[in-house]
Number of protein chains: 2
Amino acid sequence: MTEVKDFLDTLTPISDETWAKISVLLKPRLLKKGAFFIEEGQLAKEIGFLYQGIIRGFYRNADGFEYNKHFFTNPSFVGGYASLITNTPNQISQQALSDCQLWVANFEKFSRLYLSCPDLERAARILAERFFVQKEQREIELVVLDADQRYRLFQQQFPQLENQIAQYHIASYLGITPTQLSRIRRKLAQR
Amino acid sequence: MTEVKDFLDTLTPISDETWAKISVLLKPRLLKKGAFFIEEGQLAKEIGFLYQGIIRGFYRNADGFEYNKHFFTNPSFVGGYASLITNTPNQISQQALSDCQLWVANFEKFSRLYLSCPDLERAARILAERFFVQKEQREIELVVLDADQRYRLFQQQFPQLENQIAQYHIASYLGITPTQLSRIRRKLAQR
DNA sequence: CTCATTTCTTTACCTATGTAAATGGATTTA
DNA sequence: TAAATCCATTTACATAGGTAAAGAAATGAG
């Protein structure tokens, strides 16, 4: 479980007492490629820590249209964050794009520790702040950049991912169709 | 200053001791229509609480292109949140769209209170979580909805705002040009 | 009230991207 | 190996939205 402790310590130092309380909540879980960690429409109950593998988080509407919001690569927290926080049903799903290994905890128990562990609540604050900063950045990119700039940015931000996942997942992350991504790739290759 | 206390209490109850420490940091400020609270390129130093007026937060690139990320209406915290958190220069600016009244505090002093006031750090955590949820929602809307659906959503979410600010500010919030917004408005009016 | 400025709308044209369908390569399954 | 499936690419066409410029309407200053 050292993966979790190390990650938390990068946010803020976690005391041994706090870590003792956290660690008893963590259970190992394997997720086979294609399996879901969370699905839309359900109330999220668990928070996960991905220490091996790739997970996509995506929005799916009633027509079956899918938009890949994010690719999670280890190390990273995963889970229906908005659902956990607001206690409303998940709008998004998370699915393994490779075989994955996680530590999983009940979020209700986890977040109850905030009351007795200010250092953990601090870590949670810092994590939420970082999530916000990431989302704000993504928002700007979606509006200000066109699709081929977003594609090149994706290549920089996830350099190892392009060969590991399907093109249509990348297209979906960029907010375009596989057709358009193919056009962009052709144009870029012509130089 | 009760506006600030009341707002914090909606996040989590704030003790009298904590409030005493916060309140000495707060200074009143007037912002005339058109004035900036923060500007891009600078390091943010202050956090503000808007209790009267309208402020736009926007991104501006090197070509002068502007994208209105958000409209702040009272009551609301304002400030270069990402800049404050990450201690990097602001990417965004915030400008008064009407005469505004704020309470302003030095963020460094404010956030140092987290160490001695767990209830304030809790409020900060909850606020960051809410900001994240808002941004995630906005991201989905930008990708999944087309411009006229986003326009109708804007009308619902800011019902009082449409008559108070310029069309081109709304267009910029929607991620389109005033030309396109005008086309959308014409089409909607024809029904 | 009048003139000047700003904002909104309209038009013509152009581009990025979507849709649907066909093709061919790659991978999986029988 | 053969068949079936999945995936990336390509093509033709349709549409949302951008750009530039002009005109109309609203706002503001003197």
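The values are calculated or read from the model by the stated rules, or taken from the named source; none is laboratory data. Treat the numbers as computed from the prediction; the structure is a model and nothing was measured. Glycine gets a Cβ as well: all are built from the backbone with ideal geometry, and neighbour counts include every protein chain shown. For accessibility, only protein heavy atoms count, side chains too; no ligands or nucleic acids. Shrake-Rupley method; radii C 1.70, N 1.55, O 1.52, S 1.80 Å.
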_A:I176 away from DNA strand C (no atom under 13 Å from the Cβ), assigned to a loop (DSSP other than H, G, I, E, B) and under 13 Å from A:N68 (Cβ atoms)_ = no
*Please verify whether the range A:8-25 includes one or more residues that are closer than 29 Å to B:L142 by Cβ and open to solvent by less than 30 Å² (accessible area, probe 1.4 Å).*
yes
*Does any residue in the range B:166-178 that is within 18 Å of B:S93 (Cβ to Cβ) come within less than 6 Å, Cβ to Cβ, of a residue that is away from DNA strand D (no atom under 11 Å from the Cβ) six or more places away or on a different chain, and which pairs are these?*
B:H169/B:N68; B:S172/B:E66; B:S172/B:N68; B:Y173/B:N68
*Check B:A171 against each of (1) more than 23 Å from A:Y59 (Cβ to Cβ); (2) more than 14 Å from every other protein chain (Cβ to nearest Cβ); (3) within 16 Å of DNA strand C (Cβ to nearest atom) and name the one condition it does not meet.*
(2)
*Condition test on A:I85, is it open to solvent by 20 Å² or more (accessible area, probe 1.4 Å), of a type in the set (A, V, I, L, M) and either within 12 Å of chain B (Cβ to nearest Cβ) or closer than 11 Å to A:I47 by Cβ (or both)?*
yes
_Matching residues, the range B:26-40, being open to solvent by less than 40 Å² (accessible area, probe 1.4 Å) and within 16 Å of B:P75 (Cβ to Cβ)_ = B:L26, B:L31, B:F37
_Condition (residue is outside any helix (DSSP H, G or I), surrounded by fewer than 20 Cβ atoms within 10 Å (Cβ to Cβ), facing chain B (nearest Cβ under 9 Å) and not β-branched (V, I, T)) applied to the range A:89-103: is it met by at least one residue?_
yes
*asked:* Let me spell it out: the conditions are (1) more than 16 Å from DNA strand C (Cβ to nearest atom); (2) among the small types (G, A, S); (3) surrounded by fewer than 20 Cβ atoms within 10 Å (Cβ to Cβ), and B:A166 meets all of them except one. Which number is the exception?
replied: (1)
_Sole exception among (1) within 30 Å of B:K5 (Cβ to Cβ); (2) open to solvent by 30 Å² or more (accessible area, probe 1.4 Å); (3) of a type in the set (D, E, K, R) for B:E129, by number_ = (2)
_Tally, over the range A:65-80, of residues that are open to solvent by less than 50 Å² (accessible area, probe 1.4 Å) and either assigned to a loop (DSSP other than H, G, I, E, B) or of a type outside the set (D, E, K, R) (or both)_ = 10
*Name the residue, out of A:D16, A:D9, A:D63, that is closer than 30 Å to A:G175 by Cβ and among the acidic types (D, E).*
A:D63
*Specify the residue that is nearest to the other protein chains (Cβ to nearest Cβ); the eligible residues are those in the range A:174-189 that are polar (S, T, N, Q) and within 6 Å of DNA strand D (Cβ to nearest atom).*
A:T179
*Can you tell me which residues in the range A:150-163 are open to solvent by less than 20 Å² (accessible area, probe 1.4 Å), in a helix (DSSP H, G or I) and either of a type in the set (K, R) or within 13 Å of DNA strand D (Cβ to nearest atom) (or both)?*
A:Y151
*asked:* For a quick check of your reading of the model, give me the residue pairs whose first member lies in the range A:33-51 and is without any contact (Cβ under 8 Å) to a residue 12 or more places away in the chain, whose second is of a type in the set (S, T, Y) and assigned to a loop (DSSP other than H, G, I, E, B), with beta-carbon atoms closer than 9 Å and at least 6 apart or on different chains.
replied: none
_Taking the criterion of being surrounded by 18 or more Cβ atoms within 10 Å (Cβ to Cβ), under 23 Å from B:R130 (Cα atoms) and basic (K, R), would at least one residue in the range A:41-64 satisfy it?_
yes
*Inside the range A:131-142, can you point out the residues that are among the charged types (D, E, K, R) and either at positive phi or more than 8 Å from chain B (Cβ to nearest Cβ) (or both)?*
A:E141
*Listed residues A:E141, A:E136, A:E121; which is more than 20 Å from A:N68 (Cβ to Cβ) and either assigned to a helix (DSSP H, G or I) or touching a Ser or Thr at 6+ places or on another chain (Cβ under 8 Å) (or both)?*
A:E121
*asked:* Looking at the range B:104-118 only, could you name the residues that are in a loop (DSSP other than H, G, I, E, B) and of a type in the set (S, T, Y)?
replied: B:S116
*Kindly indicate which of B:A124, B:A166, B:A128, B:A147 is within 20 Å of the chain's Cα centre (by Cα), within 12 Å of DNA strand D (Cβ to nearest atom) and at negative phi.*
B:A166
